[in-house]
Amino acid sequence: MSMIGEYARLTPAELDRAVQDPDWGWEFVEEQLAAGQDDGTPVRGSRLHSTGKMWHALEYLLRLRGVEVNVVHGEEEIPGAEEWGYGPPRTISPERVEVAVRAMAAITPEGLIEGVALAELAEAGIYPYADAEPGERLDDVAVAYQDLAAFFRTAARLRHGLLVWIA
């Protein structure tokens, strides 16, 4: 089974409510999932986002590039929340989303992977590249980063915060 990076974009009031009542937060996510398309294609303006299996590579590369906000795992654990997969959900406040967006604006998708060899990720045990085959490329992580950066820009523009979890 694959580990998948997941995000939900919430207004400040919704984020506060999710922190106070994690069960409500999960219900919010389930409602958003139910409103999506059956084939998993994101709905324009969706309040959900997934990095797929690229979460670990994104974490490694964003840290390598000096992004201080924990974009992949979130920053603040929700007290009392049950596991939503591989651990409880975490939050990124609207203010920290803006900090992340400023940092990410300085990193192009090509710049994220520039100078990084697939062998480096494999040697570091970075999922999903730990078992990479010769000839594989980092294009998938660059595309996942481009999509994630766009999701963060929308959240910042709307002054939304995020729920983050690995499912």
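The values are calculated or read from the model by the stated rules, or taken from the named source; none is laboratory data. Here the structure is a predicted model, which means the values were calculated and not measured. Methodologically, a virtual Cβ is constructed for each residue, glycine included, from the backbone with ideal geometry; neighbour enumeration extends over all protein chains shown. In case anyone asks, the SASA skips ligands and DNA or RNA and just uses the protein heavy atoms, side chains included. Shrake-Rupley method; radii C 1.70, N 1.55, O 1.52, S 1.80 Å.
Here are the numbers:
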item	result
Which listed residue, of A122, A149, A144, A156, is without any contact (Cβ under 8 Å) to a residue 40 or more places away in the chain, open to solvent by less than 80 Å² (accessible area, probe 1.4 Å) and either part of a helix (DSSP H, G or I) or not hydrophobic (A, V, I, L, M, F, W, C) (or both)	A122
Qualifying residues in the range 78-116 (those that are in contact with a Gly (Cβ under 9 Å, 6 or more places away or on another chain) and not in a loop (DSSP other than H, G, I, E, B)) - the one surrounded by the fewest Cβ atoms within 10 Å (Cβ to Cβ)	E95
Qualifying residues in the range 8-39 (those that are open to solvent by 60 Å² or more (accessible area, probe 1.4 Å), farther than 17 Å from P88 by Cα and of a type outside the set (D, E)) - the one modelled with the lowest pLDDT	Q37
The range 59-69 - residue that is in a loop (DSSP other than H, G, I, E, B) and free of Cβ contacts under 8 Å to residues at least 40 places away in the same chain and, of those, nearest to G115 (Cα to Cα)	G66
Test set (1) without any contact (Cβ under 8 Å) to a residue 40 or more places away in the chain; (2) of a type in the set (V, I, T); (3) surrounded by 19 or more Cβ atoms within 10 Å (Cβ to Cβ) - V72 fails condition number	(1)
